[in-house]
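Student: Provided herewith is a single structure, encoded as structure tokens, for subsequent inquiry.
Computed from the coordinates by the stated procedures, all read-outs in this text should not be read as laboratory data. Computed from a predicted model, the values in this text were never measured in an experiment. Cβ sites come from the backbone with ideal geometry, for glycine too, and all protein chains shown count toward neighbours.
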């Protein structure tokens, strides 16, 4: 469990579970990112390369307790939503995801277009606003990238008296981070998907999600007071892990902003 103090003085814990999966409480609601709980092994992707999971999640769904909202960057790849994660969605009141994912997942799922917001009722009164923000799952022009890797969405969470939280999803574009920063910076906590995943036959081997140096640059663009990285372990196609993240943030003079937390 990693934690920091928000501008309101309230502790804001984040539980890092491996891969892209993290659990945190915000405004009295419990949010889970991209649920992946299947065992290590090989997993097929529709029309794409096989993915190899190398380590189990640090918890099983039964260990999580109540989950109010799943923030799902996209539903089409098993390293973001696997069989166990899909089963978990049936017990969660709301899953926020891409417009296409909202249609595919059906009941309980809502797709958010870029800059579209939804208001969630907080226990005890008030609301949390979740805004869908753009993400691009690879380098290049949007139409070309989405034709290969599909549509992805990120999220920004805001509320009266609450810190601003950014969950990037599988984003590789710093230009989009600049657009998000123009609307929401400074960000209190950025949950950044990193790991520099690469495939030799996809985009010439260029990363399809931020590498470590880009994650540090994103932190600067966002004015992020804290960065909790996810999506850098447990899969063979993630080419930059913990050590590279630590080195990149240190080289950028941002070591004090990087919060790796405790796995599990």
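Student: Taking a point 7 angstrom from the Cα of residue 87 along the C-beta vector, which residues in the stretch 13-53 have backbone N less than 11 Å away?
Tutor: In the stretch 13-53, the label zone of residue 87 (backbone N under 11 Å from the point 7 Å along Cα→Cβ) covers 37-39.
Student: Can you tell me how the stretch 134-264 classifies by the Cα gyration tensor, rounded, prolate or oblate, using a/c under 1.5 as the rounded cut?
Tutor: It comes out oblate by the Cα gyration axes.
Student: Give the order of 122, 15 when sorted by the count of other beta carbons within 10 angstrom, beginning with the fewest.
Tutor: If I rank by nearby Cβ atoms, fewest first, I get 122, 15.
Student: Decide, for the stretch 44-89, between rounded, prolate and oblate: order the square roots of the alpha carbon gyration tensor eigenvalues as a ≥ b ≥ c, take rounded if a/c falls under 1.5, and otherwise choose prolate if a/b is larger than b/c, else oblate.
Tutor: oblate
Student: Can you classify the stretch 97-172 as rounded, prolate or oblate using the Cα gyration tensor, where a ≥ b ≥ c are the square roots of its eigenvalues, rounded means a/c under 1.5, and otherwise it's prolate if a/b beats b/c and oblate if not?
Tutor: It is oblate, given that a/c is not under 1.5 and a/b is not larger than b/c.
Student: Over the chain, with a Gaussian network built from C-alpha contacts below 10 Å, which listed residue (206, 141, 119) shows the highest mean-square fluctuation?
Tutor: 141
Student: As a test, work out the antiparallel percent of DSSP beta bridges whose residues both lie in the chain, rounded to the nearest 5.
Tutor: Just about 60 percent of them are antiparallel.
Student: What FRET efficiency do you get for residue 114 and residue 45 if R0 is 30 Å and r is their Cβ-Cβ distance, rounded to the nearest 0.05?
Tutor: With a Förster radius of 30 Å, E is 0.80.
Student: A follow-up question, please. Radius of gyration and Dmax for the stretch 78-212's Cα atoms, expressed in Å?
Tutor: 15.5, 51
Student: Looking only at Cα atoms, what is the convex hull volume of the stretch 43-150 per residue, in Å³?
Tutor: Here the figure is 127 Å³ per residue.
Student: Moving on. Just to compare against my own numbers: the Cα pair-distance distribution for the chain, 5 Å bins, whole % per bin, please.
Tutor: 1, 6, 14, 20, 22, 19, 12, 5, 1, 0, 0
Student: Report, in deg cm²/dmol and to the nearest 500, the calculated mean residue ellipticity at 222 nm for the chain, where each DSSP H run with n ≥ 4 adds -39500 (n - 2.57) and the sum is divided by the residue count.
Tutor: -6000 deg cm²/dmol
Student: Moving on. So, in Å, what gap is there between the alpha-carbon centers of the stretch 79-108 and the stretch 165-200?
Tutor: About 21 Å separates the Cα centre of the stretch 79-108 from the one of the stretch 165-200.
Student: Counting only C-alpha contacts under 8 Å and six or more residues apart, can you give the relative contact order of the chain as a whole percent?
Tutor: For the chain, the relative contact order is 18 percent.
Student: Rg over Rh of the stretch 82-130, using C-alpha atoms and the Kirkwood radius, what does it come to?
Tutor: Expressed as Rg/Rh, it is 1.02.
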